[in-house]
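A short worksheet on the structure shown next.
Laboratory data are not the source of any read-out in this text; all were calculated from the coordinates shown. None of the values given here were measured: they were computed from a predicted structure. Here the Cβ is made from the backbone with ideal geometry for all residues, glycine too, and neighbour counts use every protein chain on show.
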Amino acid sequence: MKRLYFIEPIVAIYAFASFMVYPLVQQYVYRRLWLEITNSSYPVSDNTSHCAANSTSHSRHSPRVHTGVQ
């Protein structure tokens, strides 16, 4: 019975580590497939807004707001 107590924590740690690795493996496979299929690098998000690069002015396009009250 002493062996059973020793094996259970090892199996639990192994299972936890495996479940932590699965998302990384999925991301690796996805990026490799992206590279092979599109023949371009994977787009990396740098958490910045790219709206400032857009030079169109939306000031002439003011939406009309209908409140329902007349």
key: Packing-based ranking, highest mean first, of 25-34, 5-14 given that Cβ atoms within 10 Å are counted   = 25-34, 5-14
note = Length gained if residue 36 through residue 14 is fully extended, taking 0.36 nm per residue and subtracting the Cα-Cα distance, is 4.7 nm
